[in-house]
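Trainee: Starting off with a structure, shown below.
Readers should treat all values here as calculations from the given coordinates under stated rules, not as data from a laboratory. Keep in mind that this is a model prediction, so the values were computed, not measured. Methodologically, a virtual Cβ is constructed for each residue, glycine included, from the backbone with ideal geometry; neighbour enumeration extends over all protein chains shown.
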Amino acid sequence: MAYRFILILVLPILCQHARAEQFCALESIAAVTGLERFEINENVASDKHTGLMWRRCFEGMSGDNCEQGQPLQLSWPSALHYADTINKQNAYKPYKNWRLANVKELLSIGELQCVRPALDLNIFPNAPSGRTWSSSPYRFYPHYSWFVDFSELVSDHIARHEKNFILLVRDL
């Protein structure tokens, strides 16, 4: 009996990176993204409506379906520096000029009919469900910046020392 109690306490700690099953209300809410809007080319997705090219995997993840690794979580200053470092190292050849998206750009890829994550998994496979940094600073508190929480597609601001996911974008 004591072993079951310990397992119940430890299980949430062991599963902190586990992803909940995505839920999509396909019959009641129309899709806003979809494959017809994006051109998929290996590890990038080009948005025909916004003229932006997105990395399909969140940083820290790789593979054809982003099945390898764990999503990287960094503070806001570290996330900005990370994007600069990727460009200086030419890590994602042949493309350069990767950056954090602003809050409006991040919201533009959200899928309203889905939660956990509120993204189309055909475009962003194995995407984590949680807060993702934007490049947008928060106007009223200089030590805060905007993020988009892809668990339910909401945006808010938070202290820059907090650690959030990173999804890189570039202009076409």
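Trainee: For D171 and S78 in the same chain, what is the full-extension length gain: residue separation times 0.36 nm, less their Cα-Cα distance, in nm?
Mentor: On the way: separation 93, 0.36 × 93 = 33.48 nm, distance 2.15 nm.
Result: 31.3 nm gained on full extension.
Trainee: How far, in degrees from 0 to 90, does helix 76-88 lean away from the longest principal axis of the Cα atoms of the chain, to the nearest 10?
Mentor: Orientation of helix 76-88: about 50 degrees from the principal axis.
Trainee: What are the residues whose amide H is under 5 Å from the amide H of S155, where those residues sit 5 or more places off or on another chain and H is modelled from the backbone?
Mentor: Amide H neighbours of S155: D149.
Trainee: In whole angstrom, note down how far apart the Cα centers of the stretch 99-172 and the stretch 15-89 are.
Mentor: The stretch 99-172 and the stretch 15-89 have Cα centres spaced 10 Å from each other.
Trainee: Further, regarding this structure: Any idea what Rg and Dmax come out to for the stretch 21-171 if you just take the C-alpha atoms, in Å?
Mentor: For the stretch 21-171, the Cα-based Rg and Dmax read 14.6, 45 Å.
Trainee: Starting from the Cα-Cα distance between N41 and N97, subtract it from 0.36 nm times their residue separation and give me the gain in nm to one decimal. Can you show the working numbers first?
Mentor: On the way: separation 56, 0.36 × 56 = 20.16 nm, distance 1.75 nm.
Length gained between N41 and N97: 18.4 nm.
Trainee: Report, in degrees rounded to the nearest 10, the 0 to 90 angle that the Cα long axis of helix 2-14 makes with the longest principal axis of the chain.
Mentor: The answer is roughly 10 degrees.
Trainee: Just to be sure I understand the model, the point goes 7 Å from the Cα along the line to the Cβ. What's the resulting L112 to I29 distance in nm?
Mentor: 0.9 nm
Trainee: OK, next. Looking at the chain only, what percent of DSSP beta bridges run antiparallel? Nearest 5 please. Numbers along the way, then the final one.
Mentor: Values: 29 of 30 bridges.
Of the beta bridges lying entirely in the chain, close to 95 percent run antiparallel.
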